[in-house]
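None of the figures in this text is laboratory data; all of them are computed from the coordinates on show. None of these values were measured; they are calculated from a predicted model. Ideal geometry is used to build each Cβ from the backbone, glycine not excepted, and the neighbour counts take in all protein chains shown.
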Amino acid sequence: DGGITQSPKYLFRKEGQNVTLSCEQNLNHDAMYWYRQDPGQGLRLIYYSQIVNDFQKGDIAEGYSVSREKKESFPLTVTSAQKNPTAFYLCASRRNTGELFFGEGSRLTVL
Amino acid sequence: GIQVEQSPPDLILQEGANSTLRCNFSDSVNNLQWFHQNPWGQLINLFYIPSGTKQNGRLSATTVATERYSLLYISSSQTTDSGVYFCAVPRSNYQLIWGAGTKLIIKP
């Protein structure tokens, strides 16, 4: 069954800790994305990757880091430098036509 | 840069009613997507519709690219249609600009 898998679905973190969110896709898409969503708000782009071993900053990259070592995987690390990390994080991949497909999301809460 | 506006921002309907959601964009685009975010947060790709009309069950979408708008129609609404509907257009080859969304509540 093709799709995008994000894990964990829920994550709690203490202030000052880094945390890594996983995103795996088996759709054979080249491009992948990370978005952040705050309650009642729209989506904001954190990072995106057009191809393996390449990635670009989005609109709110500060305090986040990514890697793209494999086509299938695009993990996001929320570092301690991110001042307000509590949010809903969505990973997506892009078909060559431009259509975006999303995972189920990861909810991060900083205690 | 290109602007995307969605209307109405909120819509409350009884089950069985029909609804029309609108997405206006300020410049010509070569594609447009509609998404539904359910109450659990998952975003579902509804339509990829650069122009013309597409239908999928009770949902249909029409994009009039020359007039810079798209409409999403939901007929015979069900409570499972509740959530937020977003439209998005390309800002570049790899980035999208998102509308603020229309929050739809379907009451039983």
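Could you tally the net charge around B:Thr80, taking each other residue with its Cβ under 12 Å from the Cβ of B:Thr80, Lys/Arg +1 and Asp/Glu -1? Can you show the working numbers first?
Details: positive: B:Arg58; negative: B:Glu15, B:Asp81.
Taking every Cβ under 12 Å from that of B:Thr80, the sum is -1.
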*What residue among B:Val64, B:Pro90, A:Thr97 has its Cα farthest toward the positive end of the dipole of the protein assembly as shown, where the charges are +1 on Lys, Arg and -1 on Asp, Glu, each on the Cβ?*
B:Pro90
*Would you calculate the volume per residue, in Å³, of the smallest convex hull containing every Cα atom of the protein assembly as shown?*
123
*Between rounded, prolate and oblate, where does the stretch B:51-106 land on the alpha carbon gyration tensor, with a ≥ b ≥ c its root eigenvalues, rounded for a/c under 1.5, else prolate if a/b exceeds b/c?*
oblate
*Quick one: work out the % antiparallel among DSSP beta bridges in the stretch B:1-105, nearest 5.*
90
*Scattering from the C-alpha atoms of chain A alone, worked out with Debye: what is log10 I(q)/I(0) at q = 0.20 1/Å?*
-1.02
*asked:* Roughly how far apart, in whole Å, are the Cα centres of the stretch B:18-71 and the stretch B:82-103?
replied: 9
*In vacuum, with every alpha carbon of chain B counted as one equal point scatterer, what does the Debye formula give for log10 I(q)/I(0) at q = 0.22, 0.23 Å⁻¹? Two decimals, please.*
-1.19, -1.28
*asked:* I'd like the Karplus ³J(HN,Hα) series for the stretch B:60-66: coefficients 6.51, -1.76, 1.60, θ = phi - 60°, whole numbers in Hz, and an x wherever there's a Gly or Pro.
replied: 9, 9, 10, 10, 10, 4, 5
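If you take the beta carbon distance between B:Ser51 and A:Asp30 as r and set R0 to 25 Å, what does 1/(1 + (r/R0)^6) give as a FRET efficiency, to the nearest 0.05?
Details: r = 25 Å, r/R0 = 1.01.
Here the calculated transfer efficiency is 0.50.
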